[in-house]
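Since the structure comes first, as structure tokens, the remarks are kept for the end.
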Amino acid sequence: MERDLRSYLERLERDGDLLTVSRAVDRNNEVPALIRAAMDAGKVIRFTNVTGSKYQVVGSIFGSREILARSLGTTTATLHEDYSSRIAKPVPPRRVTDAPVKEVIENDPDPADWPLLVHRPDDAGPYITCGVATARDPISGRQNLSYNRMQLKGRDRFGFSMLATHDLARFYAEYCKRDQPMPVAVSLGLHPIELLSAAIHTREDEFSLAGALRGEPVEVVQCETSDLMVPAHAEMVLEGEIIPGHFTEEEGPFGDWLGYYQVPSKRHVFKLRCVTRRKQPYFVPMLAASPEDHLVLGFPREVEVLRAARASVPGVKRVHMFPFLLNCVIQMQKRIEGEPMIAAYAAIAACPWIKTVIVIDEDVDAADMNDVMWAVATRCKADDGVAVLRNALGFIRDVTGIYRHKVAIDATVPLALQGNLAFRRVREIGRGTVKLKDYVDRG
């Protein structure tokens, strides 16, 4: 397994999965559109000539489920099983003193040189969206990794989004009691394994989980301005602190993962003190409200839902929460009527963000929403195959209550009719074997 983003990109290039754009491109008007186009093509994309910056940009790092699987050294067919078996065996990080991320140390950095993107037309400004924040619990000493979007506000200041449910918010409250700033380090340009580990909801050390996925310890190095440990093979690390006393500034608007703009609101402030980096670091944005945004947020939850649903209903085969993580599709082999609803409720309990659960039979492709909706249209009995769960837990930003009410849909064939010719799926002659290009006249 590669240790860093650079060697991972080299593998992608050898495999034909890395697109390179060498012509000059505008970071705001062209780069976001090209990143999205690369996602649609299932490729990672690198920009070597971004106007206004001397640094390169790499986008669509989680552009498809196939790319995610390859980053873990597995396939989409065995992705859930391989991930689950590895994550059960944490590998603690290994501390080093010599690190590529220490090639350059800047005590007066200027973010104006960085190719930060304006992701959407009405965003308040440039944002860091793929930085992994590291902070330490002042009580237990445990480190935590998280994603916190950061709006560039000035040479040494970023708006820092930190929700009340985040571990960092709990840490910060304790620092405020002590009237101390909270040290935070934000790592940029990580290998996809470290990026994925930061999205896992866990009480474990996320670096240990990254080591489990990698099969060897993640090398970490101490920051220059605090005792925080950060990935030694990152492209760049921003060292700073969150100002104590619940000091906030207006941040936003920002088009986030729900596909809507978050209205301007008061957010905490990250005070930049120091930057350590490679000589020519890569910058990696995560395009907000895009498939990669949903994939990195959704996949770890998908695995949790699969585990919970199988614990309740052993016949569950597969769970899919892509392309939008508020929706969940459960594929199962039904043994008893009523099992689909039990599996659906188990999924909602495991991931309260879920709003809609659709349960399907094994002959329906959970990853193909056209196939899933065909099953809903032809197999769901609307009178008793749809259940509404009211006033359940949603997520903290749901001020409207829209996400507190859930829908569970049983789109499976009734047991009494399984095997009946009326529910036997038609098969298409030659589908997948007869190729049109082999028959069409050339010239």
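The values are calculated or read from the model by the stated rules, or taken from the named source; none is laboratory data. As the structure is a prediction and not an experimental result, all values here were calculated from the model. We place every Cβ from the backbone using ideal geometry, glycine too, and count neighbours over all the protein chains shown. Accessible surface areas use protein heavy atoms only, side chains included; no ligands, DNA or RNA. Shrake-Rupley method; radii C 1.70, N 1.55, O 1.52, S 1.80 Å.
Is segment 1-153 best put as rounded, prolate or oblate by its Cα gyration tensor, with a ≥ b ≥ c the root eigenvalues, rounded for a/c under 1.5, and otherwise prolate when a/b is larger than b/c, oblate when not? It would help to have the intermediate numbers written out before the result.
Numbers: a/c = 1.66, a/b = 1.12, b/c = 1.48.
Cα axes put segment 1-153 in the oblate bin.
At 0.36 nm per residue, minus the direct Cα-Cα distance, what do THR78 and THR165 gain on full extension? Give it in nm, one decimal, please.
Working: separation 87, 0.36 × 87 = 31.32 nm, distance 3.23 nm.
Extra length available between THR78 and THR165 comes to 28.1 nm.
Read through the labelled values (1) 73, 66, 43; (2) 71, 48, 42; (3) 79, 55, 40 and report the label of the one computed as Cα extents along the principal axes in Å from the structure.
It is the value labelled (1).
Just the accessible area for PHE299, please: 1.4 Å probe, Å², rounded to the nearest 10?
My reading of the accessible area for PHE299 is about 0 Å².
Could you work out how far apart the two model spin labels at ASP227 and ASP15 are, taking each label as a point 7 Å from the Cα in the direction of the beta carbon, and quote it in nm?
4.0 nm
Considering only GLY245, GLY189, GLY298, give the residue with the highest GNM mean-square fluctuation for the chain, with springs between Cα atoms whenever their separation is below 10 Å.
GLY245
By how many nm would the segment from ILE336 to SER265 grow when fully extended, if each residue of separation counts as 0.36 nm and the alpha-carbon distance is taken off?
Working: separation 71, 0.36 × 71 = 25.56 nm, distance 4.94 nm.
Full-extension gain reported as 20.6 nm.
Distance from the Cα centre of segment 32-72 to that of segment 239-261, in angstrom?
One Cα centre to the other: 25 Å.
Under a plain spin-label model, where a point goes 7 Å from the Cα along Cα-to-Cβ, how far apart in nm are MET373 and ASP398?
Computed distance between label sites MET373 and ASP398 equals 2.3 nm.
Could you grab the relative contact order for segment 296-423? Cα pairs under 8 Å, six or more apart, rounded to a whole percent. Before the final figure, lay out the partial values.
Working: 241 pairs, mean separation 29.5, N = 128.
Taking the mean separation of contacting Cα pairs over the length of segment 296-423, I get 23 percent.
Could you pull the accessible area for SER265 with a 1.4 Å probe, rounded to 10 Å²?
Its accessible surface works out to 40 Å², give or take rounding.
Mind listing which trypsin sites (Lys or Arg not before Pro) in segment 268-372 are in a DSSP loop and have 11 or fewer other Cβ atoms within 10 Å?
On the way: sites: LYS271, ARG273, ARG277, ARG278, LYS279, ARG301, ARG307, ARG310, LYS317, ARG318, LYS334, ARG335, LYS355; in loops: ARG278, LYS279, LYS334, ARG335, LYS355.
Counting only loop positions with at most 11 other Cβ atoms within 10 Å, the trypsin sites (Lys or Arg not before Pro) in segment 268-372 are LYS279, ARG335.
With a cut-off of 8 Å between alpha carbons and a minimum separation of six or more residues, what is the relative contact order of segment 171-223 in percent? The partial results should precede the final answer.
On the way: 24 pairs, mean separation 12.0, N = 53.
Here the relative contact order equals 23 percent.
Nearest-5 percent of antiparallel DSSP beta bridges in the chain?
Values: 56 of 75 bridges.
Restricted to the chain, the bridges split so that about 75 percent are antiparallel.
Over the chain, what is the relative contact order in whole percent, taking alpha-carbon pairs under 8 Å and six or more residues apart? Each step should come with its number before you reach the end.
Values: 940 pairs, mean separation 62.2, N = 443.
Contact order relative to length: 14 percent.
GNM on the chain, C-alpha springs below 10 Å: top fluctuator among ALA198, ALA308, ALA234?
Residue with maximal mean-square fluctuation among ALA198, ALA308, ALA234: ALA308.
So how exposed is ILE396, as accessible area in Å² (1.4 Å probe, rounded to 10)?
Roll a 1.4 Å probe over it and ILE396 shows about 80 Å².
Per DSSP H run of at least 4 residues, take -39500 (n - 2.57); add these up for the chain, divide by its residues and hand me the 222 nm value, nearest 500 deg cm²/dmol.
Details: 10 runs with 109 residues, N = 443.
My calculation for the chain gives -7500 deg cm²/dmol from helical runs alone.
Taking the alpha-carbon distance from LYS279 and a cut-off under 29 Å, which lysines remain once sequence neighbours fewer than 8 residues away in the same chain are dropped?
Candidates past the 8-residue exclusion: LYS43, LYS54, LYS102, LYS153, LYS271.
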